[in-house]
Every structure is written in C-alpha cells, then in structure tokens.
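K.L.:
Before I ask anything, here is the structure I am working with.
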Amino acid sequence: MRNVISFLNMKGGVGKTTLCKEIGYYLSRNGKKVLLIDVDPQGNLTQSIFEKYNYKHHYETETERNRKFQVCTATISNVFDYTSVVEGVKESDFILKLDDYLSIIPGDLNAVFFERSGGGSESENAIKNFIEDFKIRESYDYILMDCPPTFSFYTTAALLASDFYLSPIHPDSYSVLGIDLLFQVVERLKKVYRDRFKTTPLDHLGVIFTNIPRDASISIGMRKMMGDIRGSQTLDELEVNFFKEVFQTNREFNKRIDYFIADSNSDYSYSNLRKIIIEFDSVITNANVVSQI
Ligand SMILES: Nc1ncnc2c1ncn2[C@@H]1O[C@H](COP(=O)(O)OP(=O)(O)OP(=O)(O)O)[C@@H](O)[C@H]1O
Ligand SMILES: [Mg+2]
C-alpha cells in the first residue's frame, strides 16, 4: 500500500502546513485513519494540533500548569534516534494518539540538533525504518508529512520514507523556477539513494495553488499569473500535474492556529476542501494502479 505523502516545496510560506493539516484532519473526521508527521523543526503543524487538543511537550510557566494541558512525550526526535525495535520501545514514544482516527508524530525543537550533527545515514533512514518496522502503512489509511521549506536532512529523511510528494504553491513570478528546482533536487536524491527507489518509487502528485481568493475577487494579475504557470513549457516538459481545484483563501487561518475547516461552519471552504480531497484521492489511486502494471 502506497499511502505516505510529503507536502514539499523549498519555498517558504506557500501553505504546506495549512494544507497538510486540513487534508489530514478532514480525512480523519470522515472515517479515515490518519497519521500526521511533523518533520519541520519550526513545528507549526504540531502547534496547531497541540492547541486544538490541549497538549504541550512540557509546561513552560505556572499558568500553563494551571490550564491543565496534557503532557505529550511522543516526538519526532525519538524517531530520528530510532534504529530498530528493541525491548522497551513503545509506539507511544513516537506517536501521540489524539482519537480513534487521528494521530501525530509531533515536531520538536530538539530535532534541530539532528541537522547540526549532520544527521548521518542512520537518522536519514530513521522515518523510513520506523514506518516499516511498526507497520505504519498498514495501520493507517494516510500518512501525511509536513516538510520544512529547505532542502535538508529533514526533507531527505521525509522523502526516503515517502511514496508521494505534493507541492503547494502560491503563484508568483518565481513559481516555475521553484518547481523546476524542486524536481532537480528530487531527481538528484533519487540518484544518490538509487537502491531505495529501485524497490518503491517516489511519485509527484502534483502542484496545487494555495491561498487563492474566491473567483469573484481574484485579480486579473493573479489569474494571468496562474495561467502562465499552468501553461509554462518548462513544467509541461516535466509533465507536472496541476490540481484543477485550488485551495481558496480563508481568513480564519490568520486569526486562530486551532482553526480547522472540517469543524467550521464555512460551507464554502468545506466544499472546496472536499473537492481537493476527491482529486487528491484520485491522483493517488491512479498512481498506485500505474505502479502495479
Ligand atoms: N488557504 C489559505 N487562506 C488563508 N491563509 C492561508 C491559506 N493557506 C495558508 N495561509 C496562510 O499563509 C501563511 C503560510 O502558510 P503555511 O504556514 O501553511 O505555509 P508553509 O509553506 O507551511 O510555510 P513554511 O515554509 O514556513 O513552513 C500562514 O499564515 C497561513 O495561515
Ligand atoms: Mg510549514
């Protein structure tokens, strides 16, 4: 089963985290088992989920203690330290189960030290080995990884563990160059780690435009920019798939980090997200059919 998907773009602030958490949360509210993995040391995905479910990695102030947060001991740092199943290792050292459908491997600032220490091939393979050893693919319908905006130890570790990657972009004049560069970097990774990719491929699910105003208020400039990117010869040659559906702007994201569309009463965003997920599912299903031929 190929169900591990990284949200990846080397450009910052393009909606990777927002889309990852919204797709994951929506799927989990609709009866799918979802594991979110926060590979970004900035930990934005973790911050949203912790705020919503009332968790902290530890108390920082007395006020926090009084607010009765639950303390979470699971962290991605434990995954980066992971080599093999030994006695005493429990799934709960890595995964925080939020409810029957949604779980997270939370990000952790301590994970910054893995980058500093150069990671090493053991840590680079850690997410992949963890997923295999703990039969994570079989236990969840979707495993969604939020990546940082850099090409680094973290993205290598995420991609070595992934079956697919999806690239959110906010359209601007550098978007084409950015995606071209992303493809070059992924191709190079595939060459360096050729043995890993011989057995199971890493496929691009496509590019999705994010934070796009509703049809009526979309500017002529933005519309033209999107048309130019979709029509670009460079991306055409790379056979980049563009999602038909765009991720619409929703101003609530900037107001509350624990805002989730699936819980909101925004019919507009809900229906937008539903269409994105239908497309997301169909691209994954098609890619899985092709890979079995
Ligand atoms: N659909 C949307 N509507 C409104 N605001 C959005 C939308 N998507 C993302 N944003 C906002 O854009 C900003 C960047 O989004 P986000 O953090 O998801 O990007 P990112 O690619 O994960 O960034 P980074 O590269 O720093 O990890 C955030 O303030 C977020 O709230
Ligand atoms: Mg992010």
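The values are calculated or read from the model by the stated rules, or taken from the named source; none is laboratory data. Here the structure is a predicted model, which means the values were calculated and not measured. Here the Cβ positions follow ideal geometry from the backbone for every residue, glycine too, while neighbour counts run over all protein chains shown. Each accessible area value is taken on the protein alone, full model and side chains, heavy atoms only, with ligands, DNA and RNA left out. Shrake-Rupley method; radii C 1.70, N 1.55, O 1.52, S 1.80 Å.
K.L.:
How far, in nm, would the chain grow between Val192 and Asp281 when pulled straight, counting 0.36 nm per residue and subtracting the alpha carbon separation? Intermediate values should be presented prior to the final figure.
P.N.:
Values: separation 89, 0.36 × 89 = 32.04 nm, distance 2.96 nm.
Result: 29.1 nm gained on full extension.
K.L.:
With respect to the cross-link table entries Lys128/Lys275; Lys11/Lys32; Lys52/Lys128; Lys32/Lys128; Lys97/Lys135; Lys135/Lys191, which display a Cα-Cα separation exceeding 24 Å? List each step's numbers first, then the result.
P.N.:
Working: Lys128/Lys275 30 Å; Lys11/Lys32 30 Å; Lys52/Lys128 28 Å; Lys32/Lys128 22 Å; Lys97/Lys135 16 Å; Lys135/Lys191 26 Å.
Those over the limit are Lys128/Lys275; Lys11/Lys32; Lys52/Lys128; Lys135/Lys191.
K.L.:
Taking the chain as a Gaussian network, where each spring joins two C-alpha atoms under 10 Å apart, which residue of Val85, Val176, Val14 fluctuates the most?
P.N.:
Val85
K.L.:
Another question, then. Using +1 at the Cβ of each Lys and Arg and -1 at the Cβ of each Asp and Glu in region 201-279, identify which of Leu202, Leu235, Asn250 lies farthest towards the dipole's positive end.
P.N.:
Asn250
K.L.:
Which order, highest average first, do 231-237, 247-253 follow once you tally other Cβ atoms within 10 Å for each residue and take the mean per peptide?
P.N.:
Working: 231-237: 12.3, 247-253: 16.9.
Averaged packing, sorted descending, gives the order 247-253, 231-237.
K.L.:
Among Val79, Met222, Asn288, whose Cα lies farthest out toward the positive end of the dipole of region 4-292, if unit charges sit on the beta carbon of Lys, Arg (+1) and Asp, Glu (-1)?
P.N.:
Projecting each Cα onto the dipole axis, the largest value belongs to Met222.
K.L.:
What are the aspartates and glutamates whose alpha-carbon lies under 14 Å from the alpha-carbon of Lys244, with same-chain residues fewer than 8 places away excluded?
P.N.:
Asp215, Glu279, Asp281
K.L.:
Quick check: pseudo-label points 7 Å beyond the Cα along Cα→Cβ at Asp215 and Phe242, how many nm apart are they?
P.N.:
1.7
K.L.:
Here's something else I'd like to know. Per-residue HN-Hα couplings for region 225-241, Karplus 6.51 cos²θ - 1.76 cosθ + 1.60 at θ = phi - 60°, whole Hz, x for Gly and Pro?
P.N.:
Along region 225-241, the couplings run 4, 5, x, 5, 5, 4, x, 4, 5, 4, 6, 5, 5, 7, 6, 6, 8 Hz.
K.L.:
Here is a further query. Write out the chymotrypsin sites (Phe, Trp or Tyr not before Pro) in region 164-233 meeting two conditions: DSSP loop, and at most 12 other Cβ atoms within 10 Å of their Cβ.
P.N.:
Values: sites: Phe164, Tyr165, Tyr174, Phe183, Tyr193, Phe197, Phe209; in loops: Tyr174, Tyr193.
Hits after loop and neighbour filter: Tyr174.
K.L.:
Next question, about the same structure. Going Cα to Cα from Lys16, which aspartates and glutamates come in below 15 Å? Please leave out same-chain ones fewer than 8 positions away.
P.N.:
Those aspartates and glutamates meeting the cut-off are Asp38, Asp40, Asp146.
K.L.:
Please compute the modelled spin-label separation between Gln292 and Ser271, points set 7 Å along Cα→Cβ, answer in nm with one decimal.
P.N.:
If labels sit at Ser271 and Gln292, their model points lie 3.4 nm apart.
K.L.:
Can you tell me which of 131-137, 219-225 comes out highest on packing, and rank the rest after it, using the mean Cβ neighbours within 10 Å?
P.N.:
Values: 131-137: 16.0, 219-225: 11.7.
The most tightly packed comes first, giving 131-137, 219-225.
K.L.:
Reachable aspartates and glutamates from Lys56, Cα under 12 Å, same-chain residues fewer than 8 places away excluded?
P.N.:
Answer for Lys56, where 12 Å is the Cα cut-off: Glu64, Asp108, listed by chain and number.
K.L.:
So, with a 1.4 angstrom probe, what is the percent of accessible area on the chain that is carbon and sulfur?
P.N.:
On the way: 6990 of 14280 Å².
Looking at the chain in its full context, I get 49 percent from C and S.
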